[in-house]
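Input: a single structure, listed below in structure tokens.
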Amino acid sequence: VGTQTWVTSRLVSWVATYTPNGNNGINQQLTELPDNFGNLTNISNLYLEWNTLTELPHSFVDLTLLTNLAISNNYLQILPDDFGNLTDLIYLDLGYNQISSIPSSIGNLENLDYLFLFNNQLTTLPDEICNLTLTWDGTDSNNYPYFASGGNQLCDTSLVPDCVENSSNF
């Protein structure tokens, strides 16, 4: 299912992005992930865009070698409280979901360089997000922002941490 990379009989990269023709992904949308999904402990790259996922199994936080996670354009409503256990994450795209809150454990993602939260249902963000050492302003050499949070309902600046409010990508 999808484009997979295996090393020594262990899945390390999986592209399960929905595309109608199945090229470079899958041709049927995923509606849920199994409870034992966290058993894929060697996976480092995971692409689950354009599916119809509404939640992640609790075991998802056991994917501690995960460095790249793109799970945009789904219907995620919530993240596991201990999502911050994924401390090897460098790239995290949660854009275009239905997420209404971000767990405070996000501040534990010490290696994160890219964080995309745009177009969700966020009205507030945890103060711990400011623990992240990502570049809050500007873009990389490919003109990708390091941080993006537009398209949410972050209107009350008293509910938005200073690092986000002061970002040019807020």
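The values are calculated or read from the model by the stated rules, or taken from the named source; none is laboratory data. Here the structure is a predicted model, which is why all the values come from computation and not from measurement. Positions of Cβ are generated from backbone atoms using ideal geometry, with glycine treated the same way; all protein chains shown enter the neighbour counts. Remember, those area values only see protein heavy atoms, side chains included, never the ligands or the DNA or RNA. Shrake-Rupley method; radii C 1.70, N 1.55, O 1.52, S 1.80 Å.
In this rough spin-label picture, where each label sits 7 Å from Cα along the Cβ direction, the Ser100-Thr54 distance is 1.3 nm. The apolar share of the surface of the chain, taken as the fraction of accessible area on carbon and sulfur atoms (1.4 Å probe, ligands and nucleic acids excluded), comes to 44 percent. Here is the short version for the chain: Cys155 have no other Cys C-beta closer than 4.7 Å.
Comparing Thr52, Thr139, Thr87 in a Gaussian network model of the chain (Cα springs below 10 Å), the most mobile by mean-square fluctuation is Thr139.
Summing +1 for each Lys or Arg and -1 for each Asp or Glu among the other residues whose beta-carbon sits under 12 angstrom from that of Asn74 gives -4. When the helices of the chain are scored as -39500 (n - 2.57) per DSSP H run of n ≥ 4 and the total is divided over every residue, the value at 222 nm lands at -500 deg cm²/dmol. Would you please name the chymotrypsin sites (Phe, Trp or Tyr not before Pro) within region 1-105 that are DSSP coil residues with at most 14 other C-beta atoms within 10 Å of their C-beta? Qualifying residues, ordered by number: Tyr75. Computed over the chain with a Gaussian network model linking Cα atoms closer than 10 Å, the most mobile of Asn120, Asn85, Asn27 is Asn27.
For Ser168 and Asn36, the FRET efficiency from 1/(1 + (r/R0)^6), where r spans their Cβ atoms and R0 equals 41 Å, is about 0.45. Surface analysis of region 24-124 yields an accessible area of 43 Å² per residue, using protein heavy atoms and a 1.4 Å probe.
Of all the options Gly138, Gly150, Gly25, the one that moves most in a Gaussian network model of the chain with Cα springs shorter than 10 angstrom is Gly138.
Counting only DSSP beta bridges with both residues in the chain, the antiparallel share comes to about 30 percent. May I ask you to list the residues of region 109-125 whose amide nitrogen lies under 20 Å from a point 7 Å from Cα along the Cα→beta-carbon direction of Asp156? Only 119-125 fall inside the zone, counting backbone N under 20 Å.
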